[in-house]
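Below is one structure, written out as structure tokens, with a few remarks after it.
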Amino acid sequence: MKPSIYIVDDQPQVLETALAIVAAVMPEAAITGFDDPFKALAAIKASPPDLILTDHLMPGMHGNQLLEEARAAAPNALRIIMSGFVALDKLNLITSAHQYVAKPFDAIQLKVMLRRTFGARDRVRDEGLQRVVTSLRSLPSLPQVHQTLLAELESGQGASGSIGQMVAQDAGLSAKVLQLANSPLFGRDYLVTNPVEAVLCLGTDMIAAVVLSQTLFKHYQANAHREFSPARVWNHCWETAALAQGFCGQQGLARPAREEAFLAGLLHETGRLILIDNFPEQFQAACDAARRDNSPLAPRLAETLGAAPSRVAAYLLDLWGMPESVVAAVSLLDHPEEEKAAEFTIASALYIADQVSSRDTPPDLFPPAEWNAAYLRSIGCPDELKHWTRSEKVQ
């Protein structure tokens with residue numbers, strides 16, 4: 001069956017251009033255009049599409065509002081918002097899109113985005129994960145419009161200053177950014193005290209990762225569940241991220257790999273958040289089973305729901321367009337040996353960091369998973385936990 005795409009823009013010329021570009025990059029799709037968001041919403045409710053691509057600034061209903069309505073009416077539809085300009089202080093208003101694309105369109109970039117977005121869904125081959133994914137009533141949207149944030153940061157020092165001011169307005173985020181900038185990971189011989197300077201020191205990917213994860217966890221802070229402590233999980237993810245980056249440095253991996261390991265560490269528990277939000281009763285049942293058996297929680301969740309939290313997290317990160325190495329590392333978290341690597345990789349760093357952090361800063365009150373010493377031996381690394389110190393973590 002042809003994938004169906006709805007494109008919404010109140011400007012006829014822009015809509016016509018968008019239709020032509022999408023038809024060119026995805027000729028196999030059935031594409032329908034709407035110049036009125038209310039007509040588009042009616043069509044979405046009547047016949048849910050596979051993907052919605054909508055303008056943001058439209059009279060009567062902004063794109064973010066349309067996608068919020070669409071999320072309830074067509075929960076399985078992929079959602080992309082497009083806009084010519086979004087001010088930095090308005091980024092947090094766009095919360096219903098899986099991805100963001102800037103206008104005017106770059107046909108090649110749009111093609112990559114559409115292929116990757118559909119591919120994320122098509123790559124879900126495990127039957128258990130398919131059942132979980134298709135049963136999700138809600139998925140977190142890409143916080144802070146990640147791609148826009150990266151674009152702003154990469155545009156120059158002025159933009160970095162704007163991001164620094166935005167960071168400074170959030171006490172918790174500011175503290176984490178300064179903590180990271182002053183950590184031993186970067187080996188600076190001076191103290192960074194200003195968020196603007198911290199943004200310049202850390203670079204685009206690191207700042208975007210911290211903002212992304214902080215915003216994601218804030219989204220779930222109000223999620224009441226007696227087995228879930230956002231603060232505990234956030235601390236575990238922060239520790240895991242710092243350790244993963246440090247281990248990559250110890251093993252001689254380049255800076256891009258270290259930064260991707262950091263991002264993977266910050267986001268590797270996203271699946272737990274999604275499962276709590278969508279399946280609270282089944283989540284509680286898994287917790288009860290883990291407590292009776294005095295066993296780790298992740299295997300009980302996989303048994304109860306048919307999909308491990310790490311696989312659910314990887315699906316979301318893939319949908320968001322995160323780097324493939326990050327998606328792979330998170331997906332392989334419970335079974336790193338499936339990578340069949342003969343050397344230390346980002347997946348190795350995340351696995352080891354999560355193991356160490358699960359004992360020092362556990363995400364829950366259940367026992368940690370057993371250490372896979374055979375896997376470490378297979379990639380030529382020390383196979384005892386005592387060899388993996390916390391000396392490289394953020395202090």
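Kindly establish whether residue 286 is at pLDDT 95 or above, in contact with a Leu (Cβ under 9 Å, 6 or more places away or on another chain) and not acidic (Asp, Glu). Break it down into steps so the answer makes sense when it comes.
On the way: at pLDDT 95 or above: no; in contact with a Leu (Cβ under 9 Å, 6 or more places away or on another chain): yes; not acidic (Asp, Glu): yes.
Here the answer is no, as residue 286 does not meet what is asked.
For the range 279-305, which residues satisfy the criterion of being surrounded by fewer than 17 Cβ atoms within 10 Å (Cβ to Cβ) and outside any helix (DSSP H, G or I)? Answer for the range 279-305, where residues must be surrounded by fewer than 17 Cβ atoms within 10 Å (Cβ to Cβ) and outside any helix (DSSP H, G or I): 294, 295. Of (1) under 17 Å from residue 51 (Cβ atoms); (2) modelled with pLDDT under 75; (3) buried (at least 16 other Cβ atoms within 10 Å of the Cβ), residue 149 satisfies all except one. Which? Against the list (1) under 17 Å from residue 51 (Cβ atoms); (2) modelled with pLDDT under 75; (3) buried (at least 16 other Cβ atoms within 10 Å of the Cβ), residue 149 comes up short only on (1). Taking first residues from the range 116-142 that are part of a helix (DSSP H, G or I) and partners that are modelled with pLDDT of 70 or more and of a type in the set (D, E, K, R), the Cβ contacts under 8 Å between residues at least 6 apart in sequence or on separate chains come to 116/318; 118/50; 119/318; 120/318; 129/311; 133/121. Would you check if residue 329 is in contact with a His (Cβ under 9 Å, 6 or more places away or on another chain), surrounded by 23 or more Cβ atoms within 10 Å (Cβ to Cβ), in contact (Cβ under 8 Å) with a residue 40 or more places away in the chain and assigned to a helix (DSSP H, G or I)? Judged against the criteria, residue 329 is a match. Across the range 10-52, the qualifying residues are those that are under 21 Å from residue 112 (Cβ atoms), surrounded by 15 or more Cβ atoms within 10 Å (Cβ to Cβ) and not aliphatic (A, V, I, L, M), and the one among them that is farthest from the chain's Cα centre (by Cα) is 17. Among the residues of the range 255-270, some residue qualifies, meaning at least one is of a type in the set (Asp, Glu) and assigned to a loop (DSSP other than H, G, I, E, B).
Which of the strands (runs of 3 or more DSSP E) found entirely inside the range 1-106 contain at least 2 residues meeting this: at pLDDT 90 or above?
On the way: elements: 4-8, 30-34, 51-55, 78-83, 99-102.
Once the strands (runs of 3 or more DSSP E) in the range 1-106 are filtered for at least 2 residues that are at pLDDT 90 or above, what remains is 4-8, 30-34, 51-55.
The single condition among (1) out of contact with any Gly (no Cβ under 6 Å at 6 or more places or on another chain); (2) closer than 27 Å to residue 279 by Cβ that residue 342 does not meet is (2).
The values are calculated or read from the model by the stated rules, or taken from the named source; none is laboratory data. Remember, predicted model here, so these are calculated numbers, not experimental data. Cβ atoms come from the backbone with ideal geometry, glycine included; neighbour counts cover every protein chain shown.
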